[in-house]
Every structure is written in structure tokens, then in C-alpha cells.
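See structure below.
The values are calculated or read from the model by the stated rules, or taken from the named source; none is laboratory data. Every value quoted in this text rests on a predicted model; they were computed, and no experiment measured them. Reconstructed Cβ throughout: ideal geometry from the backbone, glycine too, with neighbour counts over all protein chains shown. Quick note on the areas: whole protein, heavy atoms, side chains included, nothing else; ligands and nucleic acids left out. Shrake-Rupley method; radii C 1.70, N 1.55, O 1.52, S 1.80 Å.
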Amino acid sequence: MTERLDRSLLYTYGIADLCFVLLVNMELVFFPAFLTDYAQFSLAIWSQIVLITSLADIVCSLAAGVILQRVTLRFGGKYRSWFLVGPWIIAVLFVLQFVKIGSDPVAAIIIIVAFIASHLVWNISFTASGAMVGRLSRLPDEQTILSANRAQGSMPGV
């Protein structure tokens, strides 16, 4: 018989999804404001940054699953290792996309690269979180609770 998960894990599994949705919504609100009000990019540079990052975000979402399946880090297992490495990389890159360093073209390139890299890593980590539901428990009732708590955790952030 399969061992049951702790109730604390079952009912707190959606907290990471709540934080993820809050991070995404914060970025949606403050990224355009940062580019126009603080960094004071021209409309031409602003539109190029937004266009490139938006298109790249779509590609990153699609590539995340492929990367997650093909890349296994040396520690922590296939999915868990992304929970250990991902947040540190995301934090550094997320900050870099809200910093204006150098002239306008240099700053735009730094912001675009940081945005694309952070979104790639956070999409991989988010995908790993969803894939862990099937790995954490083999019991259908526990998998249902984990999946439901992921959905419930993401709803308050919307």
C-alpha cells in the first residue's frame, strides 16, 4: 500500500502558484510603467522591447516542457532540482529586467535578455510544479487534492 502524504503538504501545495501568479501580475502592471516612466525609453524602443519580449514569452512557454523533459540536472531529480535552482536564477534575472544600465540600446538589450531568460526559467519551474503532482502521490484522491489546491492557490492572485 502506498504511503499517504502529510496533510500540510496536501493543503499548502498551491502557495507557490499563488506567488507565481502575483509575480506575473506585478510584472504586467509595472513593466510598461518602468519602461516609460522610470527608464524613459522612447516610444520606438519601448515598442521594440514589448514586441520582442511578448513573442519570446510565447516561445518560452512552449519550450519549457521540452526543456523539462530533456534536461535533468545532476541533483534533486528531474523536477525537484528546478525548485532548488529556479528561484535563485529567476530572482536575479527579474531584478535585471527592472534596471536601466548604460545607454538606451544597451539597457534595452539587458532588459530583453533578462526578461527572456527569467521567463524561460520560471516557465520550466512552473511546469515542474505541475508535473510533480503525479510524482508526489500515486493515490487518485491525493492527486485530486494537490491539483485542486494548485488551482485554488492561483485564483487569489488573479
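Mind giving me the nanometre distance, one decimal, between the label points for Thr72 and Val85, set 7 Å out from Cα along Cα→Cβ? Computed distance between label sites Thr72 and Val85 equals 1.4 nm. Projected label points at Thr36 and Ala131, each 7 Å from Cα along the beta carbon direction, are separated by 3.9 nanometres. Note on surface exposure: Asp37, Asp104, Asp17 rank Asp37, Asp104, Asp17 by accessible area, highest first, 1.4 Å probe. Per atom type, the range 68-130 shows carbon and sulfur on 73% of its accessible surface, probed at 1.4 Å.
Take the chain with all the other protein chains still there, run a 1.4 Å probe, and you get 59 Å² of accessible area per residue.
Computing FRET efficiency as 1/(1 + (r/R0)^6) for Val50 and Leu139, where r is the C-beta to C-beta distance and R0 is 41 Å, gives about 0.35.
A 1.4 Å probe, protein heavy atoms only, puts the accessible area of Cys19 near 80 Å². Start at zero, step by 5 Å, and the Cα-Cα distances of the chain spread as 1, 9, 15, 18, 17, 14, 10, 7, 4, 2, 1, 0, 0 percent across the bins.
Note that the range 35-51 has calculated 3J(HN,Hα) couplings of 5, 8, 7, 8, 6, 6, 6, 5, 4, 5, 5, 4, 5, 5, 4, 5, 5 Hz, one per residue in order, obtained from phi through the Karplus relation 6.51 cos²θ - 1.76 cosθ + 1.60 (θ = phi - 60°); glycine and proline are x. Computed from phi, the 3J(HN,Hα) profile of the range 75-92 under the Karplus parametrisation 6.51, -1.76, 1.60 (θ = phi - 60°) reads 9, x, x, 5, 9, 4, 4, 5, 6, 7, 8, x, x, 5, 5, 4, 4, 5 Hz, with x in place of Gly and Pro. Against the chain, whose longest principal axis comes from its Cα atoms, helix 15-33 is set at around 10 degrees. The modelled label-to-label distance for the pair Gln152/Glu3, using points 7 Å beyond Cα in the direction of Cβ, is 2.5 nm.
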